[in-house]
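Engineer: Handing you this structure, nothing more for now.
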Amino acid sequence: MPWRYRLESRQLRYFVTVARERNFTRAAEKLHIAQPPLSRQIQALEEEFGVALFDRGSRPLALTDAGKLLFDQAVQVLDRMDEMKAMVKRLLEAEKPRFSIGFVASTLYGYLPEVIRRYRAARPGVELSLQEMTTMEQIAALKEGRIDVGFGRIPFNDATIERTLLRNEKLCVALPLMHPLASRIGSLRLEELAGDALVVYPKAPRPSYADQVLALFRERGLRPALVHEVRELQTALGLVAAESGVCLVPASVERLRRDNVVYRPLDEAGAVSPIIMSTRKGDKSPEIGLVLRLVKDMYRKEGITFGA
């Protein structure tokens, strides 16, 4: 856009603002410029048209007949320019590819953040959206097209959704710092925790990770002394820190250091939480393929067996 056209567009905006405010000082304040430059721009516009646009002897400031004519036309021109800018912006946004990922909070303590970082580096032109949601919320979001891929922990069957097991993550025990078992160096067994209050999450919707944890106790004929159901992981760890119970969490959560909470390995067969990547069945998006390749590459680097 030529420099002169930009100057004329700016002059028109300055002129319209002065005409509406009927005062150079207020107009300058609204435009966030000093009054002298504003006055010079209006004067230059008057010289361009060869006519006075304001009756400077009136209080408040009034438009001349020529000024009234120009004001009506200037408003239409500026409105049309704003419409064109909005149209171009919408066109650019429509052409910009988008990719949306849903995830359960606990996956952020594993390798998902690095996958996201590498995806951004590989696809700088893609607008990436990240949404925290439970596994079941991800299913609905996939069907409605609100996300393109979901990372969750709950196995489920749905004919319209394709699930890929990335890996089974071991569980560990989050204990209060002063818990009798906190000084134990080795692994713990579930039977040693049966006398404690158990904190599980999320409280809703169900089924959820909470049901996986409760099933581990039930399958062994164990029953926690008390069960506290809370909405999220952070709240669960807060209750552990407050000595209100113990909590089974994915091993990667151990990276989340919290005062008055210690983590110990869990020695139980099947005490794992799957990490499952969900997509719409038949979706051949290259972005989904890229994400899966990034996960596999990272697992190879970290010595993690994919799908096990």
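The values are calculated or read from the model by the stated rules, or taken from the named source; none is laboratory data. What you are looking at is a predicted structure, and each value in this text was computed from that prediction instead of being measured. Here the Cβ positions follow ideal geometry from the backbone for every residue, glycine too, while neighbour counts run over all protein chains shown. Surface accessibility is based on the protein's heavy atoms, side chains included, excluding ligands, DNA and RNA. Shrake-Rupley method; radii C 1.70, N 1.55, O 1.52, S 1.80 Å.
Engineer: When residues of region 142-171 are filtered for being more than 23 Å from the chain's Cα centre (by Cα), surrounded by fewer than 17 Cβ atoms within 10 Å (Cβ to Cβ) and either basic (Lys, Arg) or part of a loop (DSSP other than H, G, I, E, B) (or both), how many remain?
Structural biologist: Counting residues in region 142-171 that are more than 23 Å from the chain's Cα centre (by Cα), surrounded by fewer than 17 Cβ atoms within 10 Å (Cβ to Cβ) and either basic (Lys, Arg) or part of a loop (DSSP other than H, G, I, E, B) (or both) gives 7.
Engineer: Still on this structure: All but one of (1) assigned to a helix (DSSP H, G or I); (2) charged (D, E, K, R); (3) within 30 Å of Phe99 (Cβ to Cβ) hold for Arg206; state the number of the condition that does not hold.
Structural biologist: Failed condition: (1).
Engineer: Of all residues in region 7-60 being β-branched (Val, Ile, Thr) and outside any helix (DSSP H, G or I), which is farthest from the chain's Cα centre (by Cα)?
Structural biologist: Val51
Engineer: Between a residue in region 262-284 that is at pLDDT 95 or above and β-branched (Val, Ile, Thr) and any residue that is part of a loop (DSSP other than H, G, I, E, B) and open to solvent by 50 Å² or more (accessible area, probe 1.4 Å), which pairs come within a Cβ distance under 8 Å, given they are 6 or more apart or on different chains?
Structural biologist: Filtered contacts from region 262-284: Val262/Leu177; Ile276/Pro155.
Engineer: What is the number of the single condition among (1) touching a helix residue (DSSP H, G or I) at 6+ places or on another chain (Cβ under 9 Å); (2) hydroxyl-bearing (Ser, Thr, Tyr); (3) open to solvent by 10 Å² or more (accessible area, probe 1.4 Å) that Tyr119 does not meet?
Structural biologist: Evaluating Tyr119 over (1) touching a helix residue (DSSP H, G or I) at 6+ places or on another chain (Cβ under 9 Å); (2) hydroxyl-bearing (Ser, Thr, Tyr); (3) open to solvent by 10 Å² or more (accessible area, probe 1.4 Å) leaves (3) as the failure.
Engineer: Please enumerate the residues belonging to region 61-107 that are in a helix (DSSP H, G or I) and closer than 30 Å to Ala210 by Cβ.
Structural biologist: Selection gives Ala105, Ser106, Thr107.
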